[in-house]
1. Looking at the chain, I'd like the Rg to Rh ratio, where Rg is from alpha-carbon atoms and Rh is Kirkwood's inverse mean 1/r.
2. For the chain, set up a GNM with springs between Cα atoms under 10 Å and report which of Ala60, Ala86, Ala50 has the largest fluctuation.
3. Using +1 on the beta carbon of Lys and Arg, -1 on that of Asp and Glu, and nothing else charged, what's the dipole of the range 78-126 about the Cα centre, debye to 20?
4. List the lysines whose alpha-carbon lies under 27 Å from that of Lys121, not counting same-chain residues fewer than 8 positions away?
5. Putting +1 on Lys and Arg Cβ atoms and -1 on Asp and Glu Cβ atoms, find which of Leu59, Ala148, Ile43 reaches farthest to the positive end of the dipole of the range 19-161.
6. Determine, for Ser112, Ser71, the number of other Cβ atoms within 10 Å of each Cβ, and report the residues in order from fewest to most.
7. Among Asp119, Asp150, Asp11, which one shows the highest mean-square fluctuation when the chain is modelled as a Gaussian network with alpha-carbon springs under 10 Å?
8. Quick one: if you stick a label point 7 Å off each Cα along the C-beta vector at Leu30 and Lys143, how many nm between them?
Amino acid sequence: MNQQLEDAIADNKYVELMYKVIDKKSGSVLTEVEYPLGYVHGISEVLAPAVTAELEGKLAGDVIEVPIDCSQLYGPRDDSLVIVEAIENVPEEYREVGTSILMENEKGQTKSFLVTRVDKKTITIDGNNPLCGREVIFKLEIKEVRDATDEEIEFGGKVDDVPDVEGTTKVPVQ
């Protein structure tokens with residue numbers, strides 16, 4: 001078999017990659033992984049399906065850019081999920097931009113909101129995904145592609161030995 005095909009990303013291949021998400025309009029980096037992300041292709045769903053599909057057939061060393069319209073991933077922006085509240089009604093530990101607040105509705109369903117703005121009188125929290133309404137580019141750098149072990153296939157990612165009281169236990173690495 002051709003060596004290129006053996007080392008290409010396909011189902012049951014262990015893949016390690018670095019990625020960053022870049023705002024298409026401003027060019028600014030919205031998020032970036034600090035350490036390589038490892039997963040088993042076709043088993044783990046660690047990236048959006050549209051991104052995973054673009055990785056198929058790529059090799060270690062490849063760098064690809066995948067444009068994504070986040071409205072297709074997260075739906076349209078919902079302005080009813082943006083709440084502006086008087087600052088005195090909000091506990092002090094939630095008065096910082098970037099703070100995540102888990103809220104519950106009357107049915108007991110929970111949703112995560114993000115503090116997006118704070119001024120002297122008000123605080124704004126938003127239940128929309130932070131990427132909602134944006135067009136972004138996933139820039140991925142493929143670090144490693146190899147056959148996944150049976151254990152990695154079972155766990156969906158890299159497995160390390162971790163000692164416990166009774167001996168050695170296998171745990172997936174996140």
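1. The Rg/Rh ratio comes out at 1.08.
2. Answer for the Gaussian network model of the chain: Ala86.
3. Details: 6 positive and 11 negative charges, 12 e Å.
It works out to roughly 60 debye.
4. Lys111
5. With unit charges placed on the Cβ atoms, the residue in question is Leu59.
6. Ser112, Ser71
7. Asp119
8. Taking the two extended label points, one gets 2.3 nm.
None of the figures in this text is laboratory data; all of them are computed from the coordinates on show. Values in this document were obtained by computation on a predicted structure and should not be read as measured data. We place every Cβ from the backbone using ideal geometry, glycine too, and count neighbours over all the protein chains shown.
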